[in-house]
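A.B. asks: My questions all concern the structure below.
Derivation of every value follows stated rules applied to the coordinates shown; laboratory data play no part. Predicted model, so just to flag it, every value in this text is computed and none were measured. For neighbour counting, all protein chains shown are included, and Cβ atoms are generated from backbone atoms with ideal geometry for every residue, glycine included.
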Amino acid sequence: MYSNFHLADIITLANGACGSSSIFLSIQYMITKDENFLWMSLLLMPLGMMFDLFDGKVARWRRTASILGQELDSLADLVSFGVAPAVCAFAVGLRTFLDSIILIIFISCGIARLARYNATIASLPKDRSGKVHYFEGTPIPTSLCIIALIAYLVKNGHIEENIPGGIIKLSINFTFHPFVLLYGIIGIAMVSKTLRIPKI
């Protein structure tokens, strides 16, 4: 199997490794309450983004773009920019039942967005190098905007019981943090067919 992997694919796997490590570190933070684990979790997601940007450049440079590489890229992106940000949100305090539902919707939107991209990439307009001209819906790495905001909140001690917006009670058993709605908005933007984001 490994004989089918190119250098770009190894770089893509490094992206997935960053996302996986971020998930474990978020869980470690929940167990120990040591913010060093949380900071490492937060930093690994943008590091995964660097690998994500680099793998495409290497694939085009070495002319080794493949369907395998495309699928690997989507799976790694789902871990690093879908599951890892959601687990991080859970770790910092978005843990009510309704919070979890919205985080699951966010991940599901990421899955749908990546699946649609893989299914339609052949029909999207491209330049001479094979790059698509635009994305339908926001790319899944836009979730790093929320991660940057969470990093700001961690720095200022606004996590756990101090999350901005507090908590809203719909009933005794149904509560949620308004902050989690940012994940819902990002998820909806990812699956939008009317949003067309130029690829830089």
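A.B. asks: Relative contact order for the chain using alpha-carbon pairs under 8 Å, separation at least 6, rounded to a whole percent?
C.D. replies: Values: 279 pairs, mean separation 47.9, N = 200.
Relative contact order, the chain: 24 percent.
A.B. asks: Check L195: other-chain or 5+ apart residues with amide H under 5 Å from its amide H, H built from backbone geometry?
C.D. replies: Answer set, sorted by chain and number: G137.
A.B. asks: Let me ask something additional. For q = 0.08, 0.10, 0.17 Å⁻¹, what log10 I(q)/I(0) does the chain give under the Debye formula with an equal point scatterer on each alpha carbon and no solvent?
C.D. replies: So the normalised log intensities are -0.29, -0.44, -1.12.
A.B. asks: Of I31, C18, S192, whose Cα points farthest to the positive end of the dipole of the chain (charges on the beta-carbon: +1 Lys, Arg; -1 Asp, Glu; origin at the Cα centre)?
C.D. replies: S192
A.B. asks: Would you calculate the separation in nanometres between label points at I10 and F174, each defined as 7 Å from the Cα along the Cα-to-beta-carbon direction?
C.D. replies: 5.2
A.B. asks: Next question, about the same structure. Is it possible to state the helix-based mean residue ellipticity at 222 nm for the chain, with each DSSP H run of 4+ residues giving -39500 (n - 2.57), the sum divided by total residues, to the nearest 500 deg cm²/dmol? What is it?
C.D. replies: On the way: 7 runs with 121 residues, N = 200.
Computed ellipticity for the chain at 222 nm equals -20500 deg cm²/dmol.
A.B. asks: Can you order the peptides 187-198, 36-47 by their average number of other Cβ atoms within 10 Å per residue, highest first? Intermediate results must be reported in sequence, preceding the final value.
C.D. replies: Working: 187-198: 14.9, 36-47: 19.6.
So the peptides 187-198, 36-47, ranked by packing, come out 36-47, 187-198.
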